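Have a look at the structure below before the remarks.
The values are calculated or read from the model by the stated rules, or taken from the named source; none is laboratory data. Here the structure is a predicted model, which means the values were calculated and not measured. So basically every Cβ, Gly included, is an ideal-geometry build from the backbone, and we count neighbours across all protein chains shown.
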Amino acid sequence: MTNNEQLSFEVTKADNTPVVCLGMTFESEEARREYFRDELRKKLPELKKIEGFPIGEDEDIIALSDPPYYTACPNPWINDFIEEWEKEKVTKYGPNLEEYHREPFAADVSEGKTSQIYLAHSYHTKVPHKAIMRYLLHYTNPGDIILDGFSGTGMTGVAAALCNNRNEVVNLEIKESEKKLLGERKVILNDLSTAASFISNGYNNNIDPEIFLKVSTDILKKINDEFGWMFETYHENSEKQIGKINYTVWSDVFSCPNCNNEIVFYNEGFNQETLKVNDEFNCPSCQFNLNKKKLDRIYEYQYDELLDKNFEQIKKVPVMINYTYKKKVYNKSLDSHDLEVMRKIEEMPISSWVPTYKVPKGEKTSEPLKYGITHIHHFYSKRALLILGKMFELVQNTNENYKHYLLYTFEQAVMGLSKIARYVPTHFSQVNQYLSGTLYVASLSVDPTIDYILVNKVNRLYKLLKEYQLKQHSIISTQSLSSLKIRENSVDYIFTDPPFGANLMYSELNLLWESWKKVLTNNQSEAIMNKVQGKNLVSYQGLMEECFKVYYHVLKPGRWITVEFSNSKASVWNSIQEALQRAGFIIANVAALNKKQGSFNAIMSTTAVKQDLVISAFKPKMDNFKEIVRNTVSNEGVWTFVSQYLENLVIFNATKGEAQVIAERTPRILFDRMVAYHVQNGLPVPISSAEFQVGVTQRFPMRDGMAFLESQVAEYDKKRTLVKEFTQMSLFVSDENSSIEWIRQQLMKKPQTRQDLHPQFMKEIQNIAKHEQLPELDDLLAQNFLRYEGEETVPDQIASYLRRNFHDMRGLENTDSRLKAKAMNRWYVPDPNKQADLEKLREKTLLREFDHYIEELGNSKKKLKQFRTEAIRAGFKKAWSEKNYEKIVTVGDRLPEQVIQEDDKLLMYYDNAQVRLDM
């Protein structure tokens, strides 16, 4: 019996136990898998009609799948699992008699990216599983069904499984009430990328760690038995002292623009003492002063045995070997023995299958194409191709129950053994030293050995499997989220981490992983911004809207969606919010998720964000909510919306003993949310800002400038008495609206004169946008606030402040002349009725300004360069109420495009007006 046969027998024996799946009993996991693979084979003709079906041969897709749990194509069993899970929930937990209610998760989350689970695979982006666990334990109950349609590596599945791990839950910094919700959650994971869904299956796999370790080490041993001679080098030129190579450094070869002689970049441009690239250096032949930008690349022709033709590539030469001898690490230049080994390697035929796909044109593939890397196998040295080919061949010959996890393990050498692996000597390791988010080929690259890449990885995964026994299956599908067919109102919660606009080109970056698995992403419906694919911000938003509509359709009424999002551009951030609201969701909160470690793009770009933003939104409880808002008379639909919105907001928020303003409860933000809902759903806005201000205070209890439901205010009052301080929101003043809010905060804290405000105000407006025509402070005060001029009784807003802060004012009546004198010329925030009057006057002023812009545009073909954004907003709002969509589009087209894209309110009116005009 061969070693392979012996290993196969042991694995089969260990797993030869009956299993139940979707109500059917099978004698073993292998029998289950083969039954459902046959079923999947029958369903493929229909599945191929679904958007996002991957590119690959039928048998390769079936071989990659582990149905019904994971399919490398659309999963046809999702609704069967949902039906089974719902029955199981009732059986296990009983009917849910309590009405579901959650406030939005308002706390900022900070979780690092150094856990063993996070580091188990080097995918481009992942949200730490502990961060997701906080959301799951907050929004869901044990047994609930969770969907992640942009699942990436499946961290939502890992988080859901670990919600049943007492140690993990207890150690989280969450409420005690949430820790009591310990228990498994059911998860549906979906991603367009075949690489991502396969990694999801690896992360959410449950196999015997001992057998995994045995099979993995056996494969590595077989590779070393056959190819070990390639990794041997002489220590101190002695044939008796043989060291083991860790990696070989390769250097680009350039030519001097002055004398045309060759320059090995490592020898001249790299400082071997500082271990950094020199800013400047001299040509060794003519001493001409050089830097890297001045050098000319040298290309050379090489014979490609797999394509049977010569191809042109940038010239690279091996310059240094890092090796281990008697547990010590050394560096050396290549000697005659090393060069002879390399010659033998180049003469060896490639006997195992390796991918030879053509590299497509793309935004991220331009760099390797420039290098002459026209096909996938050009990303690798001959030695790497020989080893990877043999490694994948050995994996394919292992037992089916372990093949997927072994492929998941060994594919992690695909990037590390490629030419995108950079030489970074200042780092503690050369493993995976490629730039995440790029296919950049460095001038100094490393060609590591397989043990250097995988031995520690195998040991870490073994420990991980022993520590975390994930005893449940996530259901995984590979397709476009917009084509996901899940029955309506069947999902309890959605956590999603959608593509970040133009940040990452997933289908291009996953090309290497997917090529080795023979199944590629169908990127036609990939929700990204990509010039080569012809996808801009508008098409990106359209794709995202289609996806959010699916989310809205499948989510149960009254339940939550959490959208984790990272992008440096306000325009992309706005498009996400726009798409979310158009789908029907109502945004309740925006918070920060700090991953504690920047990606390559975040580190290198001055405009990239360091924190991800998290949107909490809900689906209204009533399926016919839109019709209720539309059809109720006397503006009651407005208050129906506000009531539903307030019901889903945080009641009290405090940090370090200080109460904080909940911005979403302030009348201005409530008005904005109400307007946004009406506009996004094609409804006329039935009420003015002034009427709304009065209506809010008449219908809802007000506390600290915030509105509450009657059922909420008692809880707020109780918690408010427990804190001494009250902090205002921190504002970044960038336009007229934020300037007004800043003044409002100052006056609520301390009614004061214009002279008191002016110096501070001038400091705050240093970052006003270039296009913003900001009114003078006097105008902002007059249009939005009131000044006490001594004729009437001192307003309570001023009197209470004076009595609280000045000893000689205590006990004085509001009519006292001394109090009046102290209050003279102080500006203050008016009560709601007077605020409404001011709103009317301000709106008239803004509309006059807007009419002036209309006149200006009529006399010129130029774009508006400077304007009051608030005036444009007011004009758009009025035009929308009059159904004059053409006016909105006409003016919008004459504004700077960046202004429209980065202002959420202007973008909302402009986009929806275009929809109304069918543009």
Restricting to the range 135-177, what's the tally of residues that are surrounded by 24 or more Cβ atoms within 10 Å (Cβ to Cβ), of a type in the set (Ser, Thr, Tyr) and at pLDDT below 90?
2
Just to verify a result, which residue in the range 266-324, among those that are under 28 Å from Thr449 (Cβ atoms), in a helix (DSSP H, G or I) and within 40 Å of the chain's Cα centre (by Cα), is modelled with the lowest pLDDT?
Gly269
Conditions first: (1) of a type outside the set (A, V, I, L, M); (2) over 19 Å from Gln479 (Cα atoms); (3) at pLDDT 65 or above; (4) surrounded by fewer than 21 Cβ atoms within 10 Å (Cβ to Cβ). His553 passes all but one, so which condition is the exception?
(2)
Residues in the range 255-277: is at least one touching a Cys at 6+ places or on another chain (Cβ under 8 Å), more than 17 Å from Ser443 (Cα to Cα) and among the polar types (S, T, N, Q)?
yes
Just one of Phe227, Phe198, Phe254 is surrounded by 21 or more Cβ atoms within 10 Å (Cβ to Cβ) and not in a strand (DSSP E or B); which is it?
Phe198
What residue, of Val679, Val675, is β-branched (Val, Ile, Thr), in contact with a helix residue (DSSP H, G or I) (Cβ under 6 Å, 6 or more places away or on another chain) and crowded, with 20+ Cβ neighbours inside 10 Å?
Val679
Could you check, for the range 798-805, whether at least one of its residues is out of contact with any Lys or Arg (no Cβ under 6 Å at 6 or more places or on another chain), assigned by TED's automatic domain parsing to the domain that holds Val694 and not in a helix (DSSP H, G or I)?
no
Just give me the residues in the range 854-874 being surrounded by 13 or more Cβ atoms within 10 Å (Cβ to Cβ) and within 27 Å of Asn536 (Cβ to Cβ), in sequence order.
Leu857, Lys863, Leu864, Phe867, Thr869, Ile872, Arg873
Give the range 684-694 a look and list any residue that's in contact (Cβ under 8 Å) with a residue 60 or more places away in the chain and either out of contact with any Phe, Trp or Tyr (no Cβ under 7 Å at 6 or more places or on another chain) or assigned to a loop (DSSP other than H, G, I, E, B) (or both), or say none.
Pro684, Val685, Ser688, Ala690, Glu691, Gln693, Val694
Among the residues listed as Leu774, Leu747, Leu757, the single one being in a loop (DSSP other than H, G, I, E, B) and either closer than 26 Å to Lys840 by Cβ or at pLDDT below 90 (or both):
Leu774
Take the conditions of a type in the set (Lys, Arg), in a loop (DSSP other than H, G, I, E, B) and not assigned by TED's automatic domain parsing to the domain that holds Val395 and apply them to Arg102. Does it pass?
yes
Can you say whether Phe618 is out of contact with any helix residue (DSSP H, G or I) (no Cβ under 7 Å at 6 or more places or on another chain), at pLDDT below 60 and hydrophobic (A, V, I, L, M, F, W, C), as far as the supplied structure shows?
no
I'm trying to understand the selection: among the residues of the range 388-409, which are touching a Leu at 6+ places or on another chain (Cβ under 7 Å) and surrounded by 23 or more Cβ atoms within 10 Å (Cβ to Cβ)?
Leu388, Thr409
For residues in the range 846-879 being under 36 Å from the mean Cα position of the chain (by Cα) and polar (S, T, N, Q), which is farthest from Glu902 (Cα to Cα)?
Gln866
Spot the failing condition for Glu236; the list is (1) touching a Pro at 6+ places or on another chain (Cβ under 9 Å); (2) more than 27 Å from Glu393 (Cβ to Cβ), and only one is missed.
(1)
Tell me which residues, restricted to the range 289-333, are free of Cβ contacts under 8 Å to residues at least 60 places away in the same chain and under 15 Å from Asn267 (Cβ atoms).
Leu290, Leu295, Ile298, Asn331, Ser333
Considering only residues that are among the aliphatic types (A, V, I, L, M) and in a loop (DSSP other than H, G, I, E, B), look in the range 484-500 and name the one that is farthest from Ala196 (Cα to Cα).
Ile486
